[in-house]
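Below is one structure, written out as structure tokens, with a few remarks after it.
The values are calculated or read from the model by the stated rules, or taken from the named source; none is laboratory data. Since we're looking at a predicted model, the values are computed, not measured. Backbone-built Cβ (ideal geometry, glycine too); neighbour counts: all protein chains shown.
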Amino acid sequence: MNMNPRHLMRMARWARKPPSEKRVKLVAAIILICVAIFGAEYFGLWPDALTTEKPPRIKAKPIPN
């Protein structure tokens, strides 16, 4: 697996100047919210009213020659 040089530069920048504690808490909170929503949906606790349904597929009619 080859790493993109851009990723190496970003890791080096983070090592020199890590993100603030506030930013880390924000990202952690967002990840926890996503995991909670996924878990609620996986275990069937997510309400049906908030679940999207797939729209019916409309078959395109061929263009007559």
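Based on this model, can you work out whether residue 30 counts as among the aliphatic types (A, V, I, L, M) and at pLDDT below 85? No; evaluated as a whole, the condition is false for this residue.
Looking only at region 1-27, count every residue that is modelled with pLDDT of 90 or more and under 20 Å from the mean Cα position of the chain (by Cα) and tell me the total. Number of matching residues: 5. Free of Cβ contacts under 8 Å to residues at least 24 places away in the same chain, surrounded by 10 or more Cβ atoms within 10 Å (Cβ to Cβ) and touching a helix residue (DSSP H, G or I) at 6+ places or on another chain (Cβ under 9 Å): does that describe residue 14? Answer is no for this residue.
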